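Engineer: Structure incoming, see below.
The values are calculated or read from the model by the stated rules, or taken from the named source; none is laboratory data. No experiment lies behind these values; they were computed from the predicted model shown. Neighbour counts are summed over all protein chains in view; Cβ atoms, including those assigned to glycine, are modelled from backbone coordinates with ideal geometry.
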Amino acid sequence: MIGSTAAAIKDSDPMIGPHDRPHDPGLLFTPDPANPFQRDLAPATLLQMTVSLSRPASVTLLANGADADAADGRRTWQLILLATALRLVVALLLPLGVDESYAAVIARTLSLSYFDHPPAVFWLAHAAAWLGGESPIALRWPFVLLFALTSWLLFRLTSRLFSARAGFWAVCSAQLMPVFSLSDGSWVLPDGPLLCASVAAALALSHALGVSSLADDVAPSVASSAHWRSWVGVGLALGAAGLSKYHAALLGLGTLLFVATDARSRPLIRRAPPYAAMLIAALCTVPVFVWNAQHDWVSFRFQSGRAAGDGSPITALLQNVAGQAGYLLPWFWAPLALLLVRATRTGPRDRAAWFCVCLGAPPVIVFTLAALGGRPGLPHWPAPGWFLLLPLLGAAIARWELRDAATAVRRLRIAAAVFVSLLTIVVSHAATGWMTLVVPSLHQRDPAFELLEYRSIRSALDTTTALRDARFVATSDWMRGAKIGYALGPTRPTLVLNDDARHFRFATRTAPLIGTDGLLILRVNATASDAAFDTLVSPYVPLFDSLRFVATVPVLRGPDTALTVRVYAALRLRRVWSTPRTP
């Protein structure tokens, strides 16, 4: 499927040079009456078809061209509404992951910025919890709706750069890639706000620079209010991206790269509007810099050191690339990579494609090559760059559809069926753990453990006075702190007794807790000996006057025990390990 899809895109890609395949813009297109998307179109050249589909409704070069644009817009809205409804169902059924639980717990305390990321995701989670509580659906629904907006902006951007049909296929592809449709599109993560701001910035920039498939669509006059509005939009969107994730710096770099290499945009370097946009973006991100300045730039130092590792550079690079392919799904990743290479080779000669390359390639290149430092990194790090390359994929699928509509639609239906099947497997396994019966080794290393709910701890402790009398809850690491803190609710703070405490170090003033009693909760091997338990708890003994065993509590997935924790009464806190581990 991957090879045939890539081959079909190769055969239909007009960016391929003469040595690959001669492109004849006069190639006749004959509509297929069996295709509902083509039956109303008059015969025309491929060039006419491409131009007509990209024109606004007020312009008609081709019979029913405006109707085709409007129809694709309606289909896109229908697709977005359907995908949003399904995403809300998944958001309701799927427990919070580790990062989501962490965001929910940390967001209980508002701050100008945070240790891991800029504040947007935490501010949004705080507002969602204030409105509806901390259930998964109450926290996730704003992110689901945000991705619906992101998808529509993607359609608008792709329609402007290529055609409305390309916009439909770009949005359709985004709904079928797990990293976008599931995690970025519904989970409480900073990537959702980043994608929305990034596409908004790209759309505003395309207006400011007159990047469009329409030959007569040029940037407004520098002195016009429309030109200034476009650049103000660019500044606000870049600022919103900067409040979402540090990837925004690469988006700004891509913007500068396009302006510097595009002949029509280069004169703007001597004009005021781009610098006004830069100032607006900088002002939007002031909270991030103020917080970091107050905390020894700890967030910048932490993020800048995450790529360093001691593994084999080649192995790390291969793991990185394989992870990206898995997160996007190989049958989308391979054509996207092919399109990126070809658009890069074509360069500024194809203005719309080069626009996508300049904005999307920097995260892909930076976070892929960073693996040569010996650490694979996380597969979702380059994903914002791939998202900005989706217009290229949408345009390629639209061209493929014109050549062989039946095959193109059939392959994408298969991709949709595979995605829905994978989603069903993930959701059902997260709830029941049924795959451990098929693959027993998952009992030891089950990725779905990240989605475990620790509610059984709350239920077990509610039957004692231990939780009622505790002024705080402490644990061994930030991931456990996220899960336990979320399960036990916002009544008492969560302390992480580890040098790598992430934002837990800054979320709670520990001075008022010195001398008070709390709970220490540690994950254990349920079959371990008493001597092993003593060894496990020994590093924490100096932090309290005494530790008293309270209970062993199973964390359940359905009726089965997924893992076990031991709860200790921690009497009179003496001190907290106070400095997060930073590079």
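Engineer: Taking the stretch 111-127 only, how many residues are free of Cβ contacts under 8 Å to residues at least 24 places away in the same chain and buried (at least 21 other Cβ atoms within 10 Å of the Cβ)?
Structural biologist: 1
Engineer: For the stretch 92-110, enumerate the residues that are of a type in the set (A, V, I, L, M), surrounded by fewer than 23 Cβ atoms within 10 Å (Cβ to Cβ) and in a helix (DSSP H, G or I). Working first, answer last.
Structural biologist: Residues of the stretch 92-110 that are of a type in the set (A, V, I, L, M), as a first pass: 92-94, 96, 98, 103-107, 110.
Checking the rest, the ones that are also surrounded by fewer than 23 Cβ atoms within 10 Å (Cβ to Cβ) come to 92-94, 98, 110.
Matches in the stretch 92-110: Leu92, Leu93, Val98.
Engineer: Report, by residue number, each residue of the stretch 544-562 that is touching a Lys or Arg at 6+ places or on another chain (Cβ under 6 Å) and under 11 Å from Ala526 (Cβ atoms).
Structural biologist: Across the stretch 544-562, the qualifying residue is only Thr552.
Engineer: Also: Being over 13 Å from the mean Cα position of the chain (by Cα) and closer than 29 Å to Val496 by Cα narrows it down to one residue among Ala166, Ala201, Ala129; which is it? Walk me through it before giving the result.
Structural biologist: Working: Ala166 fails: closer than 29 Å to Val496 by Cα; Ala201 fails: closer than 29 Å to Val496 by Cα.
Residue meeting the stated conditions: Ala129.
Engineer: For the stretch 111-133, give me the residue count where each residue is part of a loop (DSSP other than H, G, I, E, B), out of contact with any Pro (no Cβ under 9 Å at 6 or more places or on another chain) and farther than 19 Å from Gly239 by Cβ. Can you show your working first?
Structural biologist: Within the stretch 111-133, the subset part of a loop (DSSP other than H, G, I, E, B) is 111-119, 133.
Then keep just the ones that are out of contact with any Pro (no Cβ under 9 Å at 6 or more places or on another chain); that gives 114, 133.
From what's left, farther than 19 Å from Gly239 by Cβ: 133.
Counting residues in the stretch 111-133 that are part of a loop (DSSP other than H, G, I, E, B), out of contact with any Pro (no Cβ under 9 Å at 6 or more places or on another chain) and farther than 19 Å from Gly239 by Cβ gives 1.
Engineer: All but one of (1) within 24 Å of Ser459 (Cα to Cα); (2) in a helix (DSSP H, G or I) hold for Ser538; state the number of the condition that does not hold.
Structural biologist: Evaluating Ser538 over (1) within 24 Å of Ser459 (Cα to Cα); (2) in a helix (DSSP H, G or I) leaves (1) as the failure.
Engineer: Can you work out which of the residues in the stretch 323-363 that are among the β-branched types (Val, Ile, Thr) and under 30 Å from Leu422 (Cβ atoms) is surrounded by the fewest Cβ atoms within 10 Å (Cβ to Cβ)?
Structural biologist: Val341
Engineer: Does Val555 satisfy the criteria of being in contact with a strand residue (DSSP E or B) (Cβ under 6 Å, 6 or more places away or on another chain), closer than 21 Å to Ala460 by Cα and modelled with pLDDT of 90 or more?
Structural biologist: Spelling it out, it is not the case that Val555 is in contact with a strand residue (DSSP E or B) (Cβ under 6 Å, 6 or more places away or on another chain), closer than 21 Å to Ala460 by Cα and modelled with pLDDT of 90 or more.
Engineer: Regarding Arg505, is this residue closer than 20 Å to Val105 by Cβ, part of a helix (DSSP H, G or I) and of a type in the set (Lys, Arg)?
Structural biologist: Working: closer than 20 Å to Val105 by Cβ: yes; part of a helix (DSSP H, G or I): yes; of a type in the set (Lys, Arg): yes.
Here the answer is yes, as Arg505 does meet what is asked.
Engineer: Right, next: Filter the helices (runs of 4 or more DSSP H) completely within the stretch 199-302 down to those with at least 2 residues that are farther than 15 Å from Ala352 by Cα, in the same structural domain as Asp69 (by TED's automatic domain parsing) and in contact with a Phe, Trp or Tyr (Cβ under 8 Å, 6 or more places away or on another chain).
Structural biologist: On the way: elements: 225-242, 248-261, 273-284, 286-294.
Where helices (runs of 4 or more DSSP H) fall fully within the stretch 199-302 and carry at least 2 residues being farther than 15 Å from Ala352 by Cα, in the same structural domain as Asp69 (by TED's automatic domain parsing) and in contact with a Phe, Trp or Tyr (Cβ under 8 Å, 6 or more places away or on another chain), they are 273-284, 286-294.
Engineer: Take Arg458 and tell me if it is outside any helix (DSSP H, G or I), surrounded by 15 or more Cβ atoms within 10 Å (Cβ to Cβ) and either in contact with a Leu (Cβ under 7 Å, 6 or more places away or on another chain) or modelled with pLDDT under 85 (or both). Let's see the steps before the verdict.
Structural biologist: Details: outside any helix (DSSP H, G or I): no; surrounded by 15 or more Cβ atoms within 10 Å (Cβ to Cβ): yes; either in contact with a Leu (Cβ under 7 Å, 6 or more places away or on another chain) or modelled with pLDDT under 85 (or both): yes.
Here the answer is no, as Arg458 does not meet what is asked.
Let's see how each residue does on (1) in a helix (DSSP H, G or I); (2) touching a residue at least 40 places away in the same chain (Cβ under 8 Å); (3) on the phi < 0 side of the Ramachandran plot; (4) surrounded by 15 or more Cβ atoms within 10 Å (Cβ to Cβ):
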site	(1), (2), (3), (4)
Arg413	yes, no, yes, no
Val418	yes, yes, yes, no
Thr463	no, no, yes, no
Ala474	no, yes, yes, yes
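Engineer: Which condition does Leu238 not pass, out of (1) in contact with a Leu (Cβ under 7 Å, 6 or more places away or on another chain); (2) aliphatic (A, V, I, L, M); (3) modelled with pLDDT under 90, if it passes all the others?
Structural biologist: Every listed condition holds for Leu238 apart from (3).
Engineer: Here's a follow-up. Could you tell me which of the residues Arg140, Arg165 is without any contact (Cβ under 8 Å) to a residue 60 or more places away in the chain, under 22 Å from Phe419 (Cβ atoms), buried (at least 20 other Cβ atoms within 10 Å of the Cβ) and not aliphatic (A, V, I, L, M)?
Structural biologist: Arg140
Engineer: Cβ contacts < 6 Å: first residue hydroxyl-bearing (Ser, Thr, Tyr), restricted to the stretch 205-231; second residue modelled with pLDDT under 80, any location; separation 6+ or different chain. Result?
Structural biologist: Cβ pairs passing all conditions: Ser213/Ser54.
Engineer: Is it the case that some residue within the stretch 315-328 is within 30 Å of Gly210 (Cα to Cα) and within 16 Å of the chain's Cα centre (by Cα)? Let's see the steps before the verdict.
Structural biologist: Narrowing the stretch 315-328 to residues within 30 Å of Gly210 (Cα to Cα): none.
For the stretch 315-328, residues within 30 Å of Gly210 (Cα to Cα) and within 16 Å of the chain's Cα centre (by Cα): absent.
Engineer: Just checking, does the stretch 498-511 include any residue being of a type in the set (Lys, Arg), under 33 Å from the mean Cα position of the chain (by Cα), buried (at least 16 other Cβ atoms within 10 Å of the Cβ) and over 19 Å from Pro95 (Cβ atoms)?
Structural biologist: The first filter runs over the stretch 498-511 and keeps only residues of a type in the set (Lys, Arg), leaving 502, 505, 509.
Narrowing further to those that are under 33 Å from the mean Cα position of the chain (by Cα): 502, 505, 509.
Remaining after also requiring buried (at least 16 other Cβ atoms within 10 Å of the Cβ): 502, 505.
Next, only the ones that are over 19 Å from Pro95 (Cβ atoms) stay: 502, 505.
The answer is yes; a qualifying residue exists.
Residues checked against (1) in the same structural domain as Pro95 (by TED's automatic domain parsing); (2) touching a strand residue (DSSP E or B) at 6+ places or on another chain (Cβ under 9 Å); (3) hydroxyl-bearing (Ser, Thr, Tyr); (4) more than 22 Å from Ala129 (Cβ to Cβ):
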| position | (1), (2), (3), (4) |
| --- | --- |
| Met435 | no, no, no, yes |
| Asp446 | no, yes, no, yes |
| Ile484 | no, yes, no, no |
| Asp500 | no, no, no, yes |
| Asp517 | no, yes, no, yes |
